[in-house]
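*Asks:* Here it is, the structure, as C-alpha cells.
The values are calculated or read from the model by the stated rules, or taken from the named source; none is laboratory data. Since the structure is predicted, the reported quantities are computational estimates derived from the model, not experimental observations. Cβ: placed from backbone, ideal geometry, glycine included. Neighbour counts: every protein chain shown. Heavy atoms of the whole protein, side chains included, go into the accessibility calculation; ligands, DNA and RNA do not. Shrake-Rupley method; radii C 1.70, N 1.55, O 1.52, S 1.80 Å.
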Amino acid sequence: MSASTEKYTEAQYLEADQYQPETRTGRIANYVDQRVGGTGIVREFGRKIFPDHWTFMFGEVALYSFVILILSGTFLTFWFDPSMASTRYDGSYAPLQGLEMSTAYATALELSFDVRGGLFMRQLHHWAALLFVMAMSIHMLRVFFTGAFRKPRELNWVVGCALLILGLGAGFTGYSLPDEVLSGNGLRIIDGMMKAIPVVGTYMSFFLFGGEFPGGEVIPRLYVLHIMVIPALILVLIAVHLFMVVTHKHTQYPGPGRTERNVVGYPVGPVYAAKAGGFFFIVFGILAVISGTFQINALWNYGPYDPSPVQAGAQPDWYIGPFEGVLRLMPGFLGELPLEFVIPTPWGGNSVATPVLIPMIPIAIMFLVMFIWPWIEAWITGDKKEHHLLDRPRNAPTRTAIGAASVTFYCIMWGMGSNDLIATHFHLSLNDITYWSRVLIFVGPIIAFILTKRICLSLQRKDRETALHGHEAGVIEMLPHGEFREKHTRPSDYELYTLVAFESPAPSGPQPNAKGRITRTEKLRAKLNHWFFQDRVEPVSREEYLEALEHDHHGDGHEGGLEATDRRSIEASH
C-alpha cells in the first residue's frame with residue numbers, strides 16, 4: 001500500500017508528533033522531515049528498482065560529467081571576462097607580453113598561468129565536455145540498438161535527442177569563448193554558413209556578431225548562452241528525462257524471471273545509491289587524472305584572433321567535426337559549372353552559395369530522422385505494444401544495420417573534418433582523400449548496412465545452433481558402437497533463455513482501412529515492412545528443443561526420456 005492511501009488513527013498522529021529521536025543527527029533529520037515530508041519521498045523513490053548492467057552506466061557517466069562541468073565552469077566564471085574590448089597583455093606568459101588582444105583572451109591566459117589551479121580547471125572543464133557528449137552519444141546508440149525507444153518511451157527518446165543537440169551547442173559555445181585563432185576560425189565557418197542562407201543570412205550574421213564579422217558582441221552573447229541558457233535547458237531536460245525513467249520504470253535485458261511487467265535489480269536505497277555515489281567519484285577521479293596529465297587546447301600557442309591568418313591543422317572538437325567535414329567534401333564546381341548562382345532581386349541580386357547550403361541538408365535530415373525514428377519504426381513494423389524488455393541487436397538485424405549505416409555516414413563526415421591532418425600525417429594527397437571520400441560518403445553506408453545485417457543473421461544462426469546442440473567442448477569421444485563424435489555441453493538456463501526468448505515477426509501484407517480499401521500509404525508501409533523483416537531467423541521452438549534433447553539422451557544411452565530438470569529448463573525458456 002502506498003503512503004497516499006494508508007489510514008492512520010488520531011493516536012498514531014499524536015505519537016508521531018511527540019516522537020523525539022535520541023541522537024543529535026536523528027533530531028536534525030526528524031526536524032527536516034516534519035517540514036519537507038522527506039519520509040514519503042524516500043519511501044516512494046528509495047524503493048524503485050533499477051536493473052544492473054554495464055551498458056546502463058553510459059547514461060550515468062553523462063550525468064556525472066555534466067555535474068563536473070557545472071562545478072569546474074563555476075570556478076572559471078570567477079576569473080573569465082567575456083569582453084571583446086582591446087587590452088595589452090602583461091601577464092606571466094612572456095612570448096605574448098605587450099601584444100594587443102581581447103580581454104576574453106587575456107583572462108583565458110590569466111586562468112592558465114596566473115590563477116592557482118586555473119589550468120587544471122580549464123582542462124578538467126574541457127575533458128569533461130568531451131566525455132559528456134561522448135557518453136550521451138554512446139548512451140543514445142545503446143538505446144537505439146536495443147530498442148529502448150519504443151512505446152511508451154518515444155517522448156523520452158526525443159528528450160534524449162534534444163539533450164544531445166544542446167550538448168553540442170554547449171560545447172561549441174564554450175569552445176569559442178577564448179577568442180584565440182583556433183576558436184575564431186570556427187566562428188568564421190559559422191558566419192559563412194549563416195551568410196549562405198538566402199535573403200536573411202546576412203541579417204542573422206549581423207545580429208549574432210553585432211556587426212560585420214568578427215564584430216564586437218559575439219563573445220558576450222555566446223557566454224550568456226554557454227553559462228545560462230543552455231545549462232538551464234539541459235537541467236530541465238535531465239529532470240524530465242529522469243522523471244520519465246521513474247514513471248515508465250527502467251528497461252531491462254531479457255532473462256529468467258524478467259517480464260514486461262516487472263523489473264529485476266536493486267533498489268535505489270541503499271544499494272544503487274551507494275554504487276552510483278562511488279561511480280561518480282570514479283568518473284571524477286579519472287577525469288582529474290586525465291586533466292592533470294594530458295594537455296588540451298593550449299590556447300597560448302595560437303595567439304589572439306586575427307581574421308587574416310588561417311593556420312593549417314585548425315580542428316574543432318570531435319563532435320563538431322562532421323559539420324566541418326561535410327563542408328570540405330562539397331565541391332564548388334561540377335566540371336566547369338559553378339554551383340554558386342545569383343537570384344535577381346530589386347536591390348541588385350542575392351547570392352545563393354549552394355556549396356555551403358547543400359551540405360546542411362544531410363545533417364538536417366539525419367537529425368530529423370533521429371528525432372522521429374520511434375514513430376517511423378512503429379509505423380513500418382505495425383508494432384503498437386509496450387516494450388520493457390530490450391532487444392539483443394542481432395535479433396533486430398535491419399534496425400541494427402540502419403544504425404551501423406548512420407554511424408558510418410557520421411564517421412566519414414567526422415574524418416573529413418581532419419582531412420588535412422590525415423594528408424600531412426600519412427603523406428597522402430589531400431585531393432585524392434577528398435575524391436575518395438566523396439565516393440565513400442555514398443557507398444560506405446550501403447556497405448555497412450549489408451555487412452551488419454549479414455553479421456546479425458549469422459550470429460542468430462549460431463545462437464540457434466548453440467541452443468539446439470550446445471557448445472563444442474573440444475573433446476572427441478567414442479560411442480559403444482564405435483562412432484566418434486565431438487562432445488557438446490548444454491548452455492545454462494540463463495544463457496538458453498537469452499538465446500531463444502525473442503520475437504522474430506514475419507513480414508505482414510497491407511491492411512485495408514475502415515472502408516475496406518488499401519491506400520497507397522498502406523502499400524508503401526507493407527513494402528517497407530517486407531524489407532524490414534524479409535531476412536529473418538526463426539527462434540528455436542519448444543518442439544525443436546525437445547527433439548534435440550531427446551536426440552542427446554538417446555545418443556548418451558538414456559532410456560527414460562527427458563529428465564525433470566530438462567523439462568523445467570524448457571518451460572523456463574518458453
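*Asks:* Of all residues being out of contact with any Leu (no Cβ under 6 Å at 6 or more places or on another chain) and in contact (Cβ under 8 Å) with a residue 60 or more places away in the chain in the range 456-469, which is surrounded by the fewest Cβ atoms within 10 Å (Cβ to Cβ)? Just the residue, please.
*Replies:* Restricting to residues being out of contact with any Leu (no Cβ under 6 Å at 6 or more places or on another chain) and in contact (Cβ under 8 Å) with a residue 60 or more places away in the chain, the top hit is 461.
*Asks:* Here is a further query. Can you run down the residue pairs with Cβ atoms below 6 Å, 6 or more apart or on separate chains, where the first is in the range 411-431 and of a type outside the set (A, V, I, L, M, F, W, C) and the partner is part of a helix (DSSP H, G or I)?
*Replies:* 417/321; 417/324; 417/325; 419/328; 419/433
*Asks:* Sort out which residues of the range 330-345 are touching a residue at least 60 places away in the same chain (Cβ under 8 Å) and in a strand (DSSP E or B), and write them in order of number.
*Replies:* Hit for the range 330-345 is 343, nothing else.
*Asks:* Shifting gears a bit: Among the numbered criteria (1) aliphatic (A, V, I, L, M); (2) in contact with a strand residue (DSSP E or B) (Cβ under 9 Å, 6 or more places away or on another chain); (3) open to solvent by 40 Å² or more (accessible area, probe 1.4 Å), which single criterion is violated by residue 228?
*Replies:* Unmet for residue 228, out of (1) aliphatic (A, V, I, L, M); (2) in contact with a strand residue (DSSP E or B) (Cβ under 9 Å, 6 or more places away or on another chain); (3) open to solvent by 40 Å² or more (accessible area, probe 1.4 Å): (2).
*Asks:* Being of a type in the set (A, V, I, L, M, F, W, C), over 30 Å from residue 229 (Cβ atoms) and either modelled with pLDDT under 90 or open to solvent by less than 30 Å² (accessible area, probe 1.4 Å) (or both) is the requirement here; does residue 68 meet it?
*Replies:* Against the criterion (of a type in the set (A, V, I, L, M, F, W, C), over 30 Å from residue 229 (Cβ atoms) and either modelled with pLDDT under 90 or open to solvent by less than 30 Å² (accessible area, probe 1.4 Å) (or both)), residue 68 does not qualify.
*Asks:* Those residues that are of a type in the set (A, V, I, L, M, F, W, C), in contact with a His (Cβ under 6 Å, 6 or more places away or on another chain) and open to solvent by less than 40 Å² (accessible area, probe 1.4 Å), I need them from the range 26-61; list them, please. Show your work before the answer.
*Replies:* Initial filter on the range 26-61 (of a type in the set (A, V, I, L, M, F, W, C)): 28-29, 32, 36, 41-42, 45, 49-50, 54, 56-58, 61.
Now narrow it down to the ones that are in contact with a His (Cβ under 6 Å, 6 or more places away or on another chain): 50, 58.
Listed by number, the list holds a single entry, 50.
*Asks:* Can you find a residue that is surrounded by 20 or more Cβ atoms within 10 Å (Cβ to Cβ), in a loop (DSSP other than H, G, I, E, B) and among the aliphatic types (A, V, I, L, M) anywhere in the range 95-116?
*Replies:* Scanning the range 95-116 turns up no residue that is surrounded by 20 or more Cβ atoms within 10 Å (Cβ to Cβ), in a loop (DSSP other than H, G, I, E, B) and among the aliphatic types (A, V, I, L, M).
*Asks:* On to the next question. Given the conditions (1) on the phi < 0 side of the Ramachandran plot; (2) assigned to a loop (DSSP other than H, G, I, E, B), and given that residue 320 satisfies all but one, which numbered condition is not satisfied?
*Replies:* Evaluating residue 320 over (1) on the phi < 0 side of the Ramachandran plot; (2) assigned to a loop (DSSP other than H, G, I, E, B) leaves (2) as the failure.
*Asks:* Now a separate question. Could you give me the residue pairs with C-beta distances under 8 Å whose first residue belongs to the range 242-259 and is in contact (Cβ under 8 Å) with a residue 60 or more places away in the chain, whose second residue is among the aromatic types (Phe, Trp, Tyr) and part of a helix (DSSP H, G or I) wherever it lies, and which are 6+ apart or on separate chains?
*Replies:* Here the result reads 246/45; 250/56; 254/497; 255/494; 255/497; 256/494; 256/497, each pair linking the range 242-259 to a residue that is among the aromatic types (Phe, Trp, Tyr) and part of a helix (DSSP H, G or I).
*Asks:* Among the residues of the range 387-402, write down those that are part of a loop (DSSP other than H, G, I, E, B) and within 19 Å of residue 538 (Cβ to Cβ).
*Replies:* The answer is 391, 392, 396.
*Asks:* Restricting the search to the range 134-181, which residues are of a type in the set (A, V, I, L, M), open to solvent by 20 Å² or more (accessible area, probe 1.4 Å) and farther than 16 Å from residue 237 by Cβ?
*Replies:* Selection gives 134, 138, 141.
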